[in-house]
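Asks: Have a look at this one.
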Amino acid sequence: MRPGFKKAAIYAAVISAAIGAEIAILHLCFDREDEEAPQAMCWPVMGTVAQMTSRKHVDELEFGELYARVQASYSRVEKLLSAWNPESELSRLSAAGCTNWTEAASPEVRPCYKAALRLAEESGGAFNPRIGEKLRALGMGRGRYSRFDLGAIAKGFAVDMAAEEVERAMGGRYFSFLLDLGGNLRAVGAGEWRTGVRNPFRGVDASQPDICAVIMLLGGESVATSGNYERFVEKDGKRLSHILDGRTGEHVSGIAGVTVVTPREYGATLADGLSTTLFVMGPEAGAAFLKRFYPLALALWIPDDPASPRIIVTPDMAYRLERIEWPAEKTR
Ligand code: FAD
Ligand code: MG
């Protein structure tokens, strides 16, 4: 096993075991022999794990400074947008009965509220940031303090903010970083990265592969995954997803996982928001939705059918897949 990959893989394994976080994507940074071992840093934040990996060796001191900027950026977002913290700005505005979120919120996070409200409108409510009360009604509100919930989009937003910090700090020099916040990834700078899509059925059948597909990510692109295999409640032996249909408040069933790749102009914010939206909509309505509103996004669905595992992809996603374990169908 290559030294760089070994270090990164050990990092991911140790941290995820330690915190049991939802790393839906294992990033493999082993494709270019001539590179020094990548530098990587992992830390817990937002109830999950963040990781920052640099392919091109940067001075240790500088890597430490960049890590500190990214970490500070995530902490700021957490303070402002966490539904899990009663003292966060989001929870305090919610408790105060706020209705004009895009005016009342701090300027630096207003774009996140705007993106959430725009997705809600475009998706006819399938994506619904006012999901907090519905989650509570279903007994999934424990530890949450807000009716307005940005859990489906704020991690992607935090990654975009951090990517801007890194780009500002690195200026015109050559650089190649991968930011990962709980399965929301963005390739910052030059170079390609390979990301593995987690097999949602591995938990129910240990004989299945851990990864069901590998996606190639280009510099500037983002990828996010939503799934029912990390966060769910069990009722009458049935697994109920933490993702609800925002139009009905019902648990979504029939889909085990969705992975979305977005170009630089859409960013990690939309990758995160779209993965939740497409999880609710499913492949047919989801593909039509992308064609209409986000034609540059690529998507992959895994139907919740462990007996005959397969994937459904939008046509252009097929060109990004480097290794597929199961039969693949294309959406129209
Ligand atoms: P996604 O698909 O991206 O989001 C699913 C989440 O979105 C659900 O959990 C629900 O909150 C919400 N949602 C469900 N259905 C819909 C819908 N139709 N439309 C819109 N939203 C919907 N977790 C903790 O356990 N402890 C913490 O302290 C904590 N702090 C956090 C702080 C912040 C700022 C954020 C953003 C998240 C935090 N989390 C915390 C949540 C955690 O990170 C979850 O992973 C996250 O909410 C689920 O994201 P996901 O990527 O798995 O799924
Ligand atoms: Mg999401």
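Asks: Round to a whole number: what % of the accessible area of the chain belongs to carbon and sulfur, probe 1.4 Å? Could you put the intermediate results ahead of the total?
Replies: On the way: 7510 of 14460 Å².
Whole-percent figure for carbon plus sulfur exposure: 52.
Asks: Just the number please: accessible area per residue for the chain, 1.4 Å probe, all protein chains included, in Å². Before the final figure, lay out each step's value.
Replies: Values: 14460 Å² over 332 residues.
It amounts to 44 Å² per residue over the chain.
Asks: I would also like to ask the following. Suppose a student asked you for the relative contact order of the chain, using Cα pairs under 8 Å spaced at least 6 residues apart; what percent would you report?
Replies: Working: 668 pairs, mean separation 50.3, N = 332.
Answer for the chain is 15 percent.
Asks: Follow-up. Grab the eigenvalues of the alpha-carbon gyration tensor for segment 191-256, scale each by 5, take roots, and send me the semi-axes largest first in whole angstrom.
Replies: Numbers: eigenvalues 148, 64, 9 Å².
The three semi-axes for segment 191-256 are 27, 18, 7 Å.
Asks: Among Leu138, Ala187, Ala307, whose Cα projects farthest towards the positive end of the dipole of the chain, with charges put on the beta-carbon of Lys, Arg (+1) and Asp, Glu (-1)?
Replies: Of the candidates, Leu138 comes out farthest on the positive side.
Asks: Also: Which trypsin sites (Lys or Arg not before Pro) from segment 152-193 combine a DSSP loop assignment with at most 14 other Cβ atoms within 10 Å?
Replies: On the way: sites: Lys155, Arg168, Arg173, Arg186; in loops: Arg173.
Qualifying residues, ordered by number: Arg173.
Asks: Right, something else. Of all the stretches in the chain, which is the longest one without any exposed loop site, taking GluC sites (Glu not before Pro) in a DSSP loop (any state but H, G, I, E, B) with at most 10 other Cβ atoms within 10 Å?
Replies: Details: sites that count: Glu33, Glu87, Glu265.
Value returned for the longest uninterrupted segment is 88-264.
Asks: Could you sort out which of Lys134/Lys235; Lys114/Lys291; Lys79/Lys291; Lys114/Lys238; Lys79/Lys155 sit more than 24 Å apart by Cα distance in this structure? Mind showing how you got there, number by number?
Replies: Values: Lys134/Lys235 17 Å; Lys114/Lys291 21 Å; Lys79/Lys291 35 Å; Lys114/Lys238 35 Å; Lys79/Lys155 13 Å.
Violating the 24 Å Cα-Cα cut-off are Lys79/Lys291; Lys114/Lys238.
Asks: Dividing the convex hull volume of the Cα atoms of the chain by its residue count, what figure in Å³ per residue is obtained? Walk me through the numbers before you get to the answer.
Replies: Values: hull volume 44.5 nm³, N = 332.
Convex hull volume per residue, Cα atoms: 134 Å³.
The values are calculated or read from the model by the stated rules, or taken from the named source; none is laboratory data. Here the structure is a predicted model, which is why all the values come from computation and not from measurement. Because the Cβ atoms are built from the backbone with ideal geometry, glycine has one as well, and the counts that use them run over all protein chains shown. Just so you know, the surface numbers come from the protein's heavy atoms only, side chains and all, with ligands and any DNA or RNA stripped out. Shrake-Rupley method; radii C 1.70, N 1.55, O 1.52, S 1.80 Å.
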